[in-house]
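Just so you know, all these numbers are worked out from the coordinates, no wet-lab data involved. The structure presented is a predicted model; accordingly, all values stated were derived computationally and were not measured. Glycine also receives a Cβ, built like all others from the backbone with ideal geometry; neighbour counts cover every protein chain displayed.
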Amino acid sequence: MLLAASSDGDYGQARSWIARGRLEKWYLALVTGELRSPRTIDIALARRRSRVVAARRRDRPLPARTDVRPLDVGRGWSLVEAYSRSGAPHQIRVHLSLIGHPLIGDRVYGGPPARARPGQLLHALRVRLADAADVCAPIPADFIAAYALLRKGSLG
């Protein structure tokens, strides 16, 4: 799912919605480790070169909060739902990595390679703009295949 702005003004409006908590996003993620209970990750982020990292005092921090809820847990992996009202780049990927549960397939932030498909196993499931739109995206077949491999005991 891609949310795009057609002009600088539209982009500014979208950033305003995010800042005011009017734009909500839900993701599905397949991560390493066994995440057995819900977590809230409230760690400001910052850009450093080509990566996003936990912010330090000297950085210009990007506020970021992610609520994570386990949906299924296996041996060494978890299927989680991640919810965000903030919009920091790579937020879900970085937050999950910072708590020791990097995305499977996310080599940039410490995850192991995925067998079922290239790239990280993260899917933008739903986007809701308060009182205006609510859009859901179907789960891709390759994400489902990776999940099936994990359930059979193979690292997605």
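Treating only the Cβ atoms of Lys and Arg (+1) and Asp and Glu (-1) as charged, compute the dipole magnitude of the chain about its Cα centre; round to the nearest 20 debye.
640 debye
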Which of V31, V94, A54 sits closest to the plus end of the dipole of the chain, meaning its Cα is farthest towards the positive end, when Lys and Arg get +1 and Asp and Glu get -1 on the C-beta? A54
Per GNM of the chain with C-alpha springs under 10 angstrom, the most fluctuating residue out of A146, A82, A130 is A130
Mean-square fluctuation maximum in Gaussian network of the chain, Cα pairs under 10 Å, restricted to G110, G12, G33, hits G12
Mind checking the dipole of the range 68-156: about its Cα centre, +1 per Lys or Arg Cβ, -1 per Asp or Glu Cβ, Debye to the nearest 20? 260 debye
What shape does the range 24-151 have by the C-alpha gyration tensor, where a ≥ b ≥ c are the square roots of the eigenvalues, rounded means a/c under 1.5, and otherwise prolate means a/b greater than b/c and oblate the rest? oblate
Express in whole angstrom the spacing between the alpha-carbon centres of the range 95-155 and the range 40-55. 19 Å
Highest-fluctuation residue, P38, P140, P89 considered, GNM on the chain with Cα pairs under 10 Å: P140
